[in-house]
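Taking it in order: structure first as structure tokens, then the write-up.
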Amino acid sequence: MAKKKEILKLSGINKCFGNVVVAKDISLTVISNQLHALIGPNGAGKTTLIKMISGELKPDQGVVMLLDRKVNHLSEIARVHRGCIRSFQVSSIIGSMTVFENILLAVKQKRSIFKMLFRKFQSNSSESSFVYQTINQLSLESLGTKVASTLSHGDKRKLELAMALAMGPKILLLDEPFAGLDQAESSKLIELLKSIKKNMPILLIEHDMQAVFALADIISVLNEGEIIESGSVEKIRRSKLVQNAYLGGDL
């Protein structure tokens with residue numbers, strides 16, 4: 001069996017906004033082919049942590065390692081080019097474009113912004129092939145020519161995921177992908193993410209505990225800027241500390 005590789009490693013991450021501590025000595029590791037869920041109450045600091053991983057914010061102290069390289073100094077765009085892809089909390093879909101065009105745009109984001117601005121927006125055969133491959137992977141074949149604004153909420157989530165995958169991630173940072181989905185849509189997304197995590201690691205922020213328990217290999221619980229517990233689904237289910245801070249009962 002191949003040795004699991006550390007894809008993302010946080011060590012001693014600290015962040016304050018004035019006198020408010022939003023991250024306190026956070027250490028966390030995501031390894032290959034693993035879904036690591038980050039849960040906690042609103043205001044716990046989950047999205048702030050994701051922003052520090054993606055490069056939108058800089059930690060006051062600590063180290064962010066991506067594929068064994070320190071990336072603290074790198075911009076958000078530079079981290080995207082290294083394969084750190086964040087998706088979902090704010091939709092990146094352009095409603096007036098088709099499903100195919102939205103995924104194509106994600107592919108082209110690997111290029112220089114100047115090339116995107118000054119060259120005609122069209123795909124070459126290699127890009128088209130990759131877009132169709134991504135469409136097939138997420139079972140969006142029947143929707144390729146549909147305008148994105150006409151899609152159901154669930155299909156928009158699938159399109160967002162397709163766009164993230166089209167950018168060639170080494171790790172996916174998913175910020176509440178189950179928000180607003182009904183039970184049927186959630187079930188489909190769970191099965192899709194089970195398939196995807198076989199080939200790439202995922203760091204998932206999510207409030208839907210049914211989805212978290214179905215998907216997670218490891219769960220870390222954040223409360224008031226600190227990780228108070230980390231471990232398997234069963235360990236988190238049984239933790240009195242976690243129940244008191246977040247779950248509010250025996251799950």
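What does the helix-only formula give at 222 nm for the chain: each DSSP H stretch with n ≥ 4 adding -39500 (n - 2.57), the total divided by the residues, and the result rounded to the nearest 500 deg cm²/dmol?
-9500 deg cm²/dmol
Give the shape of region 140-194 as rounded, prolate or oblate, defined through the alpha-carbon gyration tensor: a ≥ b ≥ c are the square roots of its eigenvalues, a/c under 1.5 means rounded, and otherwise the shape is prolate if a/b is larger than b/c and oblate if not.
Values: a/c = 1.76, a/b = 1.09, b/c = 1.61.
Note, shape of region 140-194 comes out oblate.
What share of Cα pairs, in percent, lie more than 35 angstrom apart in the chain? Present the calculation step by step, with values, prior to reporting the outcome.
Details: 4872 of 31375 pairs.
The proportion of pairs with Cα distances above 35 Å equals 16 percent.
What distance in nm separates the two pseudo spin-label positions at K194 and F130, each 7 Å out from Cα along the beta-carbon direction?
3.0 nm
Is the C-alpha gyration tensor of region 32-74 telling us rounded, prolate or oblate? Criteria: a/c under 1.5 is rounded; beyond that, a/b larger than b/c is prolate, otherwise oblate.
Values: a/c = 2.61, a/b = 1.21, b/c = 2.15.
In terms of gyration-tensor shape, oblate.
Over 31 Å between C-alpha atoms is what I'm after, so list which of K15/K188; K46/K197; K46/K170 land there. Walk me through the numbers before you get to the answer.
Working: K15/K188 36 Å; K46/K197 21 Å; K46/K170 21 Å.
The answer is K15/K188.
Along the charge dipole of region 114-239, pointing to its positive end and built from +1/-1 on Cβ of Lys, Arg, Asp and Glu, which listed residue (S186, L222, V147) has its Cα farthest out?
Value: V147.
Using the crude model of +1 on Lys and Arg Cβ and -1 on Asp and Glu Cβ, and no other charge, please compute the dipole size for the chain relative to its Cα centre, in debye to 20.
Working: 33 positive and 24 negative charges, 205 e Å.
Here the size comes out at about 980 debye.
In nm, give the distance between the simple-model label positions of F213 and T150, each being 7 Å from the Cα along the Cα-to-Cβ direction.
4.0 nm
What accessible area per residue comes out for region 1-104, rounded to a whole number of Å², with a 1.4 Å probe?
Details: 5030 Å² over 104 residues.
That works out to 48 Å² per residue.
Report, to the nearest whole %, how much of the accessible area of the chain belongs to carbon and sulfur atoms, 1.4 Å probe, protein only.
Values: 6210 of 12400 Å².
Accessible surface attributable to carbon and sulfur in the chain totals 50 percent.
When a/c reaches 1.5 or more, the comparison of a/b and b/c decides; with that in mind, is region 130-241 rounded, prolate or oblate per its Cα gyration tensor?
Verdict is prolate for region 130-241.
The values are calculated or read from the model by the stated rules, or taken from the named source; none is laboratory data. What you see is a predicted model, and the numbers here were worked out from it, not measured in a lab. Cβ coordinates were reconstructed from backbone atoms using ideal geometry, including for glycine residues, and neighbour counts include every protein chain displayed. Only protein heavy atoms, including side chains, enter the accessible area calculation; ligands, DNA and RNA are left aside. Shrake-Rupley method; radii C 1.70, N 1.55, O 1.52, S 1.80 Å.
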